[in-house]
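Read the structure below first, then the notes.
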């Protein structure tokens, strides 16, 4: 293989191995070795990207880095329109869990160049990859949002809409849609906004919506009008007032809608334009109000039917199931006259209505034969799935071209079809499999001379098991009446399966005199090896039982097709609903009902995923959750994969249950020694929930939970003590947090990090820094090492990673040796790239530097710039709500810091309204400790009116307590004091309201004292070292004119201060002795 295969062939072979789920096989190991040896010879980006994905499970860090270096080189020289190569490179980075930003940014630029060619599926995949890699690019998200919004009207099938829903859902907001709708004058835009609004839960529709729809209707094409009809229908269903009036706005809108639609059809003078408008138009309104007029219009424009629009017209007639013989005759006539100009693949669309509608045009045999001769020379050029659809449509028309049939029922073709089906969306995949089965059945029954075997028994049995075996109300009614007519219920069978798996609604047997025969001894049909229809009692061949001479079989069948999401699409939708925090009960109940019927189609991890989504969506379906719990426990009993056991257990712990099944705890106990730290942490969270919910735990120390926690602790400590790779340890700890980890493993984790300190390199510095930040752990040796490595290798660290690197030094308020040089080196690293940062990341970076009392002027001026703030606003619309609010808070806090600490920058304060909104939403109640301190301050100072609680300063700092002392440290009462204000000249003022008033001076030498209670969040986890935000707050209050007294929680709650007198003496000392 090493010698014979070119690298191009090797890449294709590697894909085949991957498709067989042999990623970790010896054969793939050999391929990985060849790639390592011959990597320098690869000059094709497609070959390289394909090989990168294939070998990613086995790639060593060294090979990973070489592949990345090679990809960077080839991406510079490849055709930039080949975005699939780029997508595979990003997928490789995801597979190896390496967010290498230089390569990601290069790939991102390629995607931005190809936005017009990306569809909903591509956007969904790319955004998913970015999320996995924690790579967020504002330009791409904004472009994706705009492009996906444009694609909404084209995603009319479950597959494409699901992918669009998953990609666009989390980025869209109701407020945004309503705002755009109010100002939009573009019909297409108004249509799209209205359609999406109608999908949102709302008891009544705003008048602004209906008036905008009313205004834009005359300008709309038929596709837009159809979308409005769907929206109005939803509003009618949701608005109970509609039932009580015929003068409703909806009635008027529908009447105008009908007039506009008919008017547009009557004025149509171009068949091509009309077909374009009708391409994705369907639904009840169109079929009831416009379909007949559309057919009339087509007949009026029949002379414009040409070989170029024949396929589109044929597809329209097929889609609407409309038999219009003049149009079909015209299609046949034009096809016969211009068959050489029609592309061979378009013969499928052209033939389709004649097969589906069962219509033979004049010269019908010649028409079919001409089409067959057109595509026959090109059979090998068809996509396999399209060839199956073509053959099936011809079979419906009782036409079986032998060359076509033999091409399809050939091992090579079927292998190629299988490979293609793996790449198709699930719905299309299933549709092709059904059509292949139906074609197989038709050929077996109608062309036995072709000797094509029947090979769909198992497939049909699977369909039968998944199907709904219940008879409908109509079937039950007809069955009852047949029994009365024929002589009894045992004279007719309902929902009977024939050979080749036709489902017959009813069957009865009549003898030669048309006398009904009962089903006492009759047995189901079978097929013998000789392909003869037989009777037997089971699926094995039995001796044939003859029917009485002249007996006939009466059969009737009804096929109901329901457009529904398949199982994978439903899972994708419900997880997106969870991410969007959807609270639409109708939609939640609908997906819950779907899952209830289809749970057996899901794998264990998928059951866990959908259970978690339904819990977080607050689904109210006890029967479903009972069934889910049973499934989760059943899967847990047999699962041996630690990750799977972890996930199943974690989700089980989210379900309400008074006691935990023993099978669950025993499975957890068995798998603990194999688990990594992330899995152990998940088990700890689950056990904590069980402990809270199980009252028996309080009465025994021999509880199974105690034993599990003890084993959990041992496994965690053992794993840390055996750890020998810093990179692997950081990967395990990436998402590990919570009480158990912090109490039981954090200190040991820090010890392990210090043991592996020599493995700290420029590649893992950002991740280590983030861990220390997240855990609030001040470990000076590790921080010093981070600073040292950063100073030595700053040119290798990506500019955007400087944020993570600087963060612990700012948050934990720690200055390393050469601190000034360290901060300046990082600043110089990112300064040339300010325009390349995502806006929200630049805000976070500037805020972290502000906490550290560092304000690079170029960075501050970049942020407080109208263009930047506009771009940030646009980006915030695409971010999840929690992150959106966090960025807005950080921007406000940065604005405040710059105003107070850098007035020379002349940055205006523009967050008054935002802070007022936060203040209204906040909790204004004083805590128990605050009430205690306030009471004692009153006793020390001379009365409760000598101290204020929860006071707002300028720039909206909330001070726990404030008092005023004169120059002799004598408290002053608050009888005439009023709140602080800021004048236009940016001076601190006093006034009685939010308007500027004449300044009321304090007595000479008097000062304002801010008393701040510092809880545990203000300190590092492992020490009494105050964190950066508390220190910044102190700086800012001092700038505002306060003397700041800080009361640490560990002093206030100490054993020394256990009496009222001790607390008062402590406060007295803080206020009057600790400062002069």
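The numbers here are math on the coordinates, done by the rules we state, and not lab data. These numbers come from a predicted model, not from an experiment. All Cβ positions, glycine included, derive from the backbone under ideal geometry; neighbour counts span all protein chains shown.
Taking a ≥ b ≥ c as the square roots of the eigenvalues of the Cα gyration tensor, region 586-629 is classed as prolate, since a/c reaches at least 1.5 and a/b is larger than b/c. When Rg and the Kirkwood Rh are both derived from Cα coordinates, the Rg/Rh ratio for region 741-780 amounts to 0.95. Most tightly packed first, judged by the mean number of other beta-carbon atoms within 10 Å of their residues, the peptides 620-628, 276-284, 437-445 read 437-445, 276-284, 620-628. Look at 645, 640, 230 and count the other Cβ atoms within 10 Å of each Cβ; fewest to most, that gives 640, 230, 645. Normalised size of region 696-794, defined as Cα radius of gyration per 2.2 N^0.38 Å with N residues, equals 1.28.
Dimensions of region 278-370 from C-alpha coordinates, computed as largest minus smallest value along each principal axis and given longest first, are 38, 24, 22 Å. Considering every alpha-carbon pair of region 1005-1047, the percent of pairs per 5 Å bin, from zero through the bin containing the longest distance, is 6, 22, 28, 22, 12, 7, 3, 1, 0.
Would you please classify the overall shape of region 1015-1073 from the alpha carbon gyration tensor, given that a ≥ b ≥ c denote the square roots of the eigenvalues, rounded means a/c under 1.5, and beyond that prolate means a/b larger than b/c while oblate covers the rest? Note, shape of region 1015-1073 comes out oblate. The relative contact order of region 7-170, computed from alpha carbon pairs under 8 Å that lie at least 6 residues apart in sequence, is 18 percent. Using a/c under 1.5 as the rounded threshold, could you call region 862-974 rounded, prolate or oblate? The axes a ≥ b ≥ c are square roots of the C-alpha gyration tensor eigenvalues, and prolate needs a/b larger than b/c, oblate otherwise. The shape class here is oblate.
In region 751-828, the alpha-carbon atoms span a convex hull of 79 Å³ per residue.
Among 421, 93, the ranking by other beta carbons within 10 Å of each residue's beta carbon, starting with the fewest, stands as 421, 93. Spherically averaged projected area of the convex hull of Cα atoms, region 18-83: 4.5 nm². For region 600-664, the Kirkwood estimate of the hydrodynamic radius, built from every pair of different alpha carbons, is 11.9 Å.
Considering all different alpha carbon pairs of region 603-762, the Kirkwood hydrodynamic radius works out to 16.8 Å. Summary of packing: across the peptides 301-309, 354-362, 457-465, 123-131, the per-residue average of other C-beta atoms within 10 Å ranks them, highest first, as 123-131, 354-362, 301-309, 457-465. Kirkwood hydrodynamic radius of region 7-170, from the reciprocal of the average inverse Cα-Cα distance over all distinct pairs: 16.5 Å.
With the convex hull of the Cα atoms taken as the outline of region 422-464, the averaged projected area works out to 3.5 nm².
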